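Comments concern the structure below.
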Amino acid sequence: MRIPYYPGCTLSTKAKGFDQAARQSFAALGIELAELKTWNCCGATFPLSRDNLLDLAGPVRNLVSAAAEGDKLAVACSTCFNVLKRSNLVMRNEEDKREKINFFIEADYAGSVQVLHLLEILRDEVGWDNLAKAVKKNLADLSVAPYYGCMFLRPPKEMGFDDHENPQILENFIRALGAQVADYPHRAECCGNYIAAFDLETTREMSYLILASARKAGADLIVTSCPLCQFNLDRWQQDLAMKHGGFRPIPVLYDTQLLGIALGLDTTTFDLDKHYVDPRPVLAEKGLI
Amino acid sequence: MRIQLSATKVHNDFIRKVEDMSGQDLLKCYQCGECSAGCPAAFAMDILPNQVIRLLQLGEHEAVLKSKTIWLCAACQQCYTRCPKGVDLSRIMEAVRDLLMLEHGDRIVIEKLPAETLAEFPQQAFISGFRKYTA
Amino acid sequence: MAEHETPITRVLIIGAGIAGIQAALDIANSGYEVVLVEKEPSIGGRMLQLSETFPTLDCAQCILTPRTVEAGHHERIRLMTFSEVTDITGDIGHFTVTVQRKPASVNWDVCTGCGLCQEKCPTKVASPFDRAMGKRKAIYTLSPQAVPNKPVIDREACTWFTRGKCRLCEKVCPVHAIDYEQQATTTQVEVGAVIIATGYTLYSLQNLGEYGYGKIPDVVDGLAFERLLSASGPTAGKVRRPSDGKEPKQVVFIQCAGSRAPETAMPYCSKICCMYTAKHAMLYKHRVHDGTAYVFYIDVRAAGKRYEEFYHRATEEDRVIYVRGKVARVFRDGDQVVVWGADTLSGASVEVAADMVVLAPAMVPHPETQRLAEMLGIPANEYGFLLPLDDNILPVETTRPGVFLAGAVTSPKDIPETVAQASAAAAKVLSLFAQWSGVPQAMETPVGAEAS
């Protein structure tokens, strides 16, 4: 199976390991993630002003590219996924905006593409049972905290493929890989997002709430599918450990990295060494790398 | 503190622009406080999310413009998701920020960001940050 | 039904909660016959589950039981419990009603209500009457004071029905009343008027994922808290939290769980929650003297007689802490239940690490009410509450002549309002019956004539 794939900016630069792990894991599962021939940045945030059509032009161009290559678009990053999916809904449901945007970018697009997160493809195309069968490593001793963040689930009326207060897709993914799910309350709270660029202290504390509660639930590591969440959660843990006595740093992996590890793939291109909190000791301890 | 209410104040142009840009009806909010209760950044805010709407309802936008709160909203949509009246507060915050920056300039300047930040932060953080902190 | 036949001066009342019982007694005591249909095995409805009533703190069972007993023994009231109305045809004066009785698996004609079967039954299941906090047997009555005090077998729980084993109740029954073969029976009754008093149920709190109901055992609904406070409840009136049976020292009460929320749940105010929450917090403090009660509210609506004073009593005498803001999140942290709320009065977000959380869910009509309404052609609003002919001046009448409404079936109501409305519906039925019975329509002796 071949599915057109949108990597996005961060996966092409700072989060190459996320991207590599995605492509290689999906290839191992028989799915070619075929990078769009032309794509641009999605904008990294869905424009919230009603008249801000220009900010929609970027994401829609990607959708137009995708439409030329197939009827689906696979996305790994949950922020890109949020922006592309919501932009697609605008093109599908809001005639007035559709006309203007199409005029701007000289296109004739009406939201035909299905924007899919990689986890959705695992759930709906591969299936959890088949995924479980493809797993080569034994993750039974690994406790994983699923981290959804905000962009993956909200707003539910638009994103709506999982229960926004009690999501299960990451849990089912972790279970399919054979690992334990660490049940903790803050898996869908915001990590601080772009506030990091404005007020680092606030972002750190927002992330700490999540990190500490995952640790408390006995997690060995956290998985997420957003590079900014990954950064915010990962980057400041040394500072947080100094500030909050007793806090033990916890590695934050991308979902595709854990997938590739479980599938027994060679992890050299996964950039596991580029994480701030090194995940390799715990992975080695559990016999996974 | 005393707020002097008047017809011109509660119907002022700024409020109308906020409603128009955000597409939100400010008077739909009945001040239950659920947005503030669930906001993950509330601990760092000087006024609560519900107070942002309240002050706008009264035409007191000057107090909102001075607040830190509008810059600490991460548009995570938790408030909108749970709002019993379906008010999308993140859109209101965005409209207030945009109007403020159109008049007073950008909130962050890329050249002034520390080199360490520039080197480390994922691209996404800059792009979304510039979307929120520059006009 | 032929036009010239005399209209039937007998009423069908559907639902034997406080509204149905009140209307039944009013009509029966005026000399007319009542058929009172109830889907549960015994009468009393929601009020029997309550601990004490606001604002007087009367024991609910103590004030209700004389009425259930009177209704149970009344020579002009025919109780048809464990039964449902499956069909109604005809018109005012001449309705033909089909009532289906579920198989009780017990022959009530010979059962003496001795209770031996319940005592010996080895199968325990969660009791819906106790909001699953207590257990009942597979052969059960709703309470020891049930009217009628005759048991039924829960065929989904009884091991004879599920696994073909046991029959112990049959062996111990001294009068051989157990009848595993009993079938549903259908009865037709002729009535001249109908009162629908099917009451309410609670909004499904599982829809509000942020409150953790159904996931966190120490998050309960208001009705469950009533059972905990009730002397006849699963803890004999002691406040114990479900997870570990400990006495909770900090309890958070959350109002408007599903009310006043057009986008996420029900748009209307459920009207009774402000008062029963004040009562809950107050009764909790009466039972746990060193405990702290917090009430998260949006507005305190205390517009009934002595209601405002009751609210003041909760804060002043019983030291209940009221926090003005809606709760956004409830989650578990160790053995505590953490509440994220806001206090809009001080302008701060609020966190409480509580031992237990009590939610006040929206009142919604019973889903079965919809079926009845369709059968009778009575319009309902979009939430399923039945519509009176006119909200202002015809509050118990319907578009269907001879069919009346009473209690929470039309909108959320507390007990005093429900009882008043039930008597109003009874008065409407009685005025029809009086006309049909040939009561003189003109004044026989002018008022004041004797005095002149």
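The values are calculated or read from the model by the stated rules, or taken from the named source; none is laboratory data. Model, not experiment: these values are computed from the prediction. Every residue, glycine among them, receives a Cβ derived from its backbone with ideal geometry; neighbour counts consider all protein chains shown. Note: areas computed on protein heavy atoms with side chains; ligands, DNA, RNA excluded. Shrake-Rupley method; radii C 1.70, N 1.55, O 1.52, S 1.80 Å.
Would you check if residue A:206 is in a helix (DSSP H, G or I), of a type in the set (A, V, I, L, M) and touching a Gly at 6+ places or on another chain (Cβ under 6 Å)?
yes
Testing residue C:126 on (1) under 30 Å from residue C:243 (Cβ atoms); (2) of a type in the set (A, V, I, L, M); (3) in contact (Cβ under 8 Å) with a residue 12 or more places away in the chain, one condition comes back false. Which one is that?
The single condition residue C:126 does not satisfy is (3).
Mind counting the residues in the stretch A:1-38 that are in contact (Cβ under 8 Å) with a residue 24 or more places away in the chain, hydrophobic (A, V, I, L, M, F, W, C) and more than 14 Å from chain B (Cβ to nearest Cβ)? Spell out how you get there, then give the answer.
Keep residues of the stretch A:1-38 that are in contact (Cβ under 8 Å) with a residue 24 or more places away in the chain, which gives A:1-11, A:14-22, A:24-26, A:28-38.
Then drop every residue that is not hydrophobic (A, V, I, L, M, F, W, C), which leaves A:1, A:3, A:9, A:11, A:15, A:18, A:21-22, A:26, A:28-29, A:31, A:33-34, A:36.
With more than 14 Å from chain B (Cβ to nearest Cβ) added as a condition, the list becomes A:1, A:3, A:21-22, A:26, A:28-29, A:31, A:33-34, A:36.
Result for the stretch A:1-38: 11.
Just wondering, is there one or more residues in the stretch C:62-82 that are closer than 25 Å to residue C:8 by Cα, polar (S, T, N, Q) and out of contact with any His (no Cβ under 6 Å at 6 or more places or on another chain)?
Yes - at least one qualifying residue is present in the stretch C:62-82.
Looking at (1) surrounded by 16 or more Cβ atoms within 10 Å (Cβ to Cβ); (2) without any contact (Cβ under 8 Å) to a residue 12 or more places away in the chain; (3) not aliphatic (A, V, I, L, M), which one does residue C:404 not meet, given that it meets all the others?
(2)
Answer yes or no as to whether residue C:302 is in the same structural domain as residue C:270 (by TED's automatic domain parsing), open to solvent by less than 30 Å² (accessible area, probe 1.4 Å) and within 26 Å of the chain's Cα centre (by Cα). Working first, answer last.
Values: in the same structural domain as residue C:270 (by TED's automatic domain parsing): yes; open to solvent by less than 30 Å² (accessible area, probe 1.4 Å): yes; within 26 Å of the chain's Cα centre (by Cα): yes.
Judged against the criteria, residue C:302 is a match.
Kindly provide the set of residues from the stretch C:31-57 that are within 19 Å of residue C:190 (Cβ to Cβ) and out of contact with any Gly (no Cβ under 7 Å at 6 or more places or on another chain), ordered by number.
C:31, C:32, C:33, C:34, C:35, C:37
Look at the stretch B:102-135 and say how many of its residues are of a type in the set (Gly, Ala, Ser), within 7 Å of chain A (Cβ to nearest Cβ) and closer than 20 Å to residue A:274 by Cα.
Residues of the stretch B:102-135 of a type in the set (Gly, Ala, Ser): B:105, B:115, B:119, B:125, B:128-129, B:135.
This time we only want the ones that are within 7 Å of chain A (Cβ to nearest Cβ), so: B:125, B:128-129.
Within this subset, residues satisfying the condition of being closer than 20 Å to residue A:274 by Cα are B:125.
Selection size over the stretch B:102-135: 1.
Residue by residue through the stretch C:162-188, note down the ones that are open to solvent by 10 Å² or more (accessible area, probe 1.4 Å), hydrophobic (A, V, I, L, M, F, W, C) and under 19 Å from residue C:101 (Cα atoms).
Going through the stretch C:162-188, the residues open to solvent by 10 Å² or more (accessible area, probe 1.4 Å) turn out to be C:162-176, C:178-188.
Retained after the next criterion (residues that are hydrophobic (A, V, I, L, M, F, W, C)): C:166, C:168-169, C:172-173, C:175, C:178, C:184.
Passing the criteria: C:178, C:184.
Give me a count of the residues in the stretch C:91-107 that are farther than 15 Å from residue C:141 by Cα and part of a loop (DSSP other than H, G, I, E, B). Give the derivation first.
Initially, the stretch C:91-107 is screened for residues farther than 15 Å from residue C:141 by Cα, giving C:91-101.
When the remaining residues are screened for being part of a loop (DSSP other than H, G, I, E, B), the result is C:92-93.
Matching residues across the stretch C:91-107 total 2.
Suppose the filter is part of a helix (DSSP H, G or I) and open to solvent by 40 Å² or more (accessible area, probe 1.4 Å); does residue C:210 pass it? Break it down stepwise before answering.
Numbers: part of a helix (DSSP H, G or I): yes; open to solvent by 40 Å² or more (accessible area, probe 1.4 Å): no.
Taking the combined requirement at face value, the residue does not satisfy it.
Having 3 or more residues that are at the interface with another protein chain (Cβ under 10 Å from one of its Cβ atoms) is the bar; report the helices (runs of 4 or more DSSP H) wholly within the stretch B:18-98 that clear it. Give the derivation first.
Values: elements: B:34-38, B:49-57, B:61-65, B:69-72, B:78-82.
Helices (runs of 4 or more DSSP H) meeting the threshold: B:34-38, B:49-57, B:78-82.
Which members of the stretch C:198-207 meet the condition of being in contact (Cβ under 8 Å) with a residue 24 or more places away in the chain, open to solvent by 10 Å² or more (accessible area, probe 1.4 Å) and not hydroxyl-bearing (Ser, Thr, Tyr)?
Within the stretch C:198-207, C:199, C:202, C:207 qualify.
Please specify each residue of the stretch A:3-36 satisfying the condition of being surrounded by 21 or more Cβ atoms within 10 Å (Cβ to Cβ) and on the phi > 0 side of the Ramachandran plot.
Residue satisfying the conditions is A:8 alone.
Of everything in the stretch B:56-72, what is free of Cβ contacts under 8 Å to residues at least 40 places away in the same chain and open to solvent by less than 20 Å² (accessible area, probe 1.4 Å)? Give them in sequence order.
If we filter the stretch B:56-72 for residues that are free of Cβ contacts under 8 Å to residues at least 40 places away in the same chain, which is where we start, we get B:62-70, B:72.
Across the stretch B:56-72, the qualifying residues are B:64, B:67, B:69, B:70, B:72.
Just give me the residues in the stretch C:266-299 being open to solvent by less than 40 Å² (accessible area, probe 1.4 Å), over 21 Å from the mean Cα position of the chain (by Cα) and within 14 Å of chain B (Cβ to nearest Cβ), in sequence order.
Once the filter is applied, which keeps residues that are open to solvent by less than 40 Å² (accessible area, probe 1.4 Å), over 21 Å from the mean Cα position of the chain (by Cα) and within 14 Å of chain B (Cβ to nearest Cβ), the stretch C:266-299 yields C:295, C:296, C:297, C:298.
Any idea which of C:328, C:360, C:380, C:342 is buried (at least 24 other Cβ atoms within 10 Å of the Cβ), under 25 Å from residue C:260 (Cα atoms) and either assigned by TED's automatic domain parsing to the domain that holds residue C:39 or within 27 Å of the chain's Cα centre (by Cα) (or both)? Show your work before the answer.
On the way: C:328 fails: either assigned by TED's automatic domain parsing to the domain that holds residue C:39 or within 27 Å of the chain's Cα centre (by Cα) (or both); C:380 fails: buried (at least 24 other Cβ atoms within 10 Å of the Cβ); C:342 fails: either assigned by TED's automatic domain parsing to the domain that holds residue C:39 or within 27 Å of the chain's Cα centre (by Cα) (or both).
One residue alone meets the criteria, C:360.
Can you pull out every residue in the stretch A:39-58 that is at the interface with chain B (Cβ under 10 Å from one of its Cβ atoms) and part of a loop (DSSP other than H, G, I, E, B)?
Hits for the stretch A:39-58 are A:41, A:42, A:43, A:44, A:45, A:46, A:47, A:48, A:49, A:50, A:51, A:52.
Could you count how many residues in the stretch C:41-90 are in a strand (DSSP E or B), of a type outside the set (Val, Ile, Thr) and open to solvent by 60 Å² or more (accessible area, probe 1.4 Å)? Spell out the reasoning first.
First, the residues of the stretch C:41-90 that are in a strand (DSSP E or B): C:52-53, C:58-59, C:77-80, C:83-90.
Filter once more, keeping what is of a type outside the set (Val, Ile, Thr): C:52, C:58-59, C:78-80, C:83-84, C:87, C:90.
Pick out the ones that are also open to solvent by 60 Å² or more (accessible area, probe 1.4 Å) and you get C:58, C:78, C:87.
So the answer is 3.
Just to be sure before I move on: is residue B:95 modelled with pLDDT of 95 or more and among the small types (Gly, Ala, Ser) in the structure I sent?
Working: modelled with pLDDT of 95 or more: yes; among the small types (Gly, Ala, Ser): yes.
So residue B:95 passes the test.
Starting from residues that are open to solvent by 20 Å² or more (accessible area, probe 1.4 Å) and in contact with a helix residue (DSSP H, G or I) (Cβ under 9 Å, 6 or more places away or on another chain), keep the ones in the stretch A:59-76 and report whichever is farthest from the other protein chains (Cβ to nearest Cβ).
In this case the residue turns out to be A:72.
Quick check, is residue C:354 under 19 Å from residue C:281 (Cα atoms), touching a helix residue (DSSP H, G or I) at 6+ places or on another chain (Cβ under 6 Å) and either aliphatic (A, V, I, L, M) or assigned by TED's automatic domain parsing to the domain that holds residue C:14 (or both)?
Values: under 19 Å from residue C:281 (Cα atoms): yes; touching a helix residue (DSSP H, G or I) at 6+ places or on another chain (Cβ under 6 Å): no; either aliphatic (A, V, I, L, M) or assigned by TED's automatic domain parsing to the domain that holds residue C:14 (or both): yes.
So residue C:354 fails the test.
Name the residue that is nearest to the other protein chains (Cβ to nearest Cβ), counting only residues in the stretch A:180-218 that are within 19 Å of the chain's Cα centre (by Cα) and in contact (Cβ under 8 Å) with a residue 60 or more places away in the chain.
A:194
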